[in-house]
Amino acid sequence: FLRKLIGMNWLLVATVVVIALAGVFFIQGATEHITDGKPYWQDHARFVGFGLLVFLAVSLMDYRWVRWIAIPLYVGSLILLALTFTSMGVEVLGAKCWLRIPGLPMFQPSQIAIASGILLLAFFLSQFPGLHAFWKLCATE
């Protein structure tokens, strides 16, 4: 654990923190004239803090756990996507793509599906290393 912490790319971490804090300040500046009483920048700062904790936790984990979590996470994201068609789905600006689960803030399950799809693709490509040359050829042609 300590070896990974010391060997971490701290320039990358500092860059991520600076960009995230800039986003908080931009949101504060863009919403200070709104008088509905909701401090949007505080919500964003909370999400940034949570995201930075997840960033640090994932960067310190062993990457080999991905092969065990990729398929269940993808299936779970598909279930969450299907739940948007039930009464748990919330329509926002004409699109019923948000999900309200009791005890959690409202979120878009498509974002979880995107991340889990990337993990599933990485798992798939790691199982068939012979496909890598083919994918490289397709990407460069």
For 68, 41, 10, 98, write out the residues from largest to smallest accessible area, computed with a 1.4 angstrom probe and no ligands counted. 68, 10, 41, 98
Estimated dipole of region 1-91 in Debye, rounded to 20 [Cβ of Lys and Arg +1, of Asp and Glu -1, Cα centre]: 540 debye
Got a sec? What order do 87, 59 fall in by accessible area at 1.4 Å, biggest, i.e. largest, first? 87, 59
Result for the chain: accessible area per residue, probe 1.4 angstrom, in square angstrom, of 76 Å²
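The values are calculated or read from the model by the stated rules, or taken from the named source; none is laboratory data. These numbers were taken from a predicted model, which means no experiment stands behind them. Here Cβ is always computed from backbone atoms with ideal geometry, including for glycine, and neighbour counts include all displayed protein chains. Ligands, DNA and RNA are stripped out before the accessible areas are found, and what is left, the full protein with its side chains, is counted by its heavy atoms. Shrake-Rupley method; radii C 1.70, N 1.55, O 1.52, S 1.80 Å.
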